[in-house]
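Taking it in order: structure first as structure tokens, then the write-up.
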Amino acid sequence: MLEKLSPTKHLTVFPSGLMPTRKSLSAGPRTLWMTTLALMLTTTVATAQETNPLAGKPGAAKAGEYEFRINCALCHGLGARGGGRGPDLTRAQKKHAHTDAEMFQTISGGIPGTAMPANGTNGQGVGMTDEEIWQIVAYIRRVEVKAPAKSQGNAARGKELFYGDANCSLCHMVEGKGGRLGPDLSGVGGSRTREAIIDSVRNPSRRLAWGLTEPTKEFAQEYETITAVTADGKTIKGVALNEDSFTVQIMDTDEQIHLLQKKKLQSFEKSRESMMPKYDRELLPDQSLEDIYSYLLSVGAK
């Protein structure tokens, strides 16, 4: 399939047209240098500006919403409020992008070492032109809140609770300290809304129950609960780390890792009921949860 061309991105790369002629390929160093310079200039035009050229233009944000649904909502959720894979983009403070140009570059080039792929490389969506990416930037700016997240909690007390009476650190790690059974929460305060974090504590199975429509190893594990009974009758319960058609790798509640062959098991069951217990208000009062959120927010803002 041919890539859609953007006027600012492709059309002036080579003086003689879209493709170099045999003559231009065999030209001397000066011509080759000029061709390389033209390529560098044309591929940086879109990101050289700090502001969105479509900002304020009628219909840009609406068009961006459509593009977002096709290319971004699978990870970032409808309304950009965050999904199982991607952070909430309605937050005023974003970890990888502050200016419009940085947001454009993040969408276009992805973020190495994370689940954020480059435009059109992960099999989702159709690949976007520069104009369509700018439309998405316009949409995100329209839906984002205009003030950084704040908390009425006490971060110092929240840290004490996290590593103490609330027992969060038994399963969750923050900045290298804590358990490994659940997700690392070091960045959650900077990527999830207060409402999403509180809901994940009060109703930990809700997001798991939704599931992901197209699971792929490109993204983080879903922390499905696995219960396996071995040939000798031993029951192993934990979260799946890796799985294929023949084997499964499980981390149990003691953080021991088991590699099991499915054909040798008496039984093998998956559940979308989270291993994390529900923290109701009797177990964890609202103010204590607000303190823990404040602690996570302070860490995520770093």
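Table for the structure above
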| quantity | calculated |
| --- | --- |
| Hits in segment 276-302 - residues which are aromatic (F, W, Y) and more than 19 Å from S186 (Cα to Cα) | Y279 |
| Flag if D165 is in a loop (DSSP other than H, G, I, E, B) and at pLDDT 95 or above | yes |
| So A118, is it modelled with pLDDT of 85 or more, over 25 Å from A196 (Cα atoms), of a type in the set (G, A, S) and assigned to a loop (DSSP other than H, G, I, E, B) | yes |
| Qualifying positions in segment 229-280 - of a type in the set (D, E) and within 27 Å of the chain's Cα centre (by Cα) | E243, D244, D252, E255, E273 |
| Residues satisfying the stated conditions in segment 225-237, i.e. at pLDDT 95 or above and part of a strand (DSSP E or B) | T227, A228, V229, T235, I236, K237 |
| Near pairs, Cβ below 9 angstrom, 6+ apart or cross-chain, from segment 228-250 (under 13 Å from S271 (Cα atoms)) to any residue that is surrounded by fewer than 16 Cβ atoms within 10 Å (Cβ to Cβ) and of a type in the set (G, A, S) | A228/S267 |
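The values are calculated or read from the model by the stated rules, or taken from the named source; none is laboratory data. Predicted model only: the values in this text are computed from it and were never measured. Ideal geometry is used to build each Cβ from the backbone, glycine not excepted, and the neighbour counts take in all protein chains shown.
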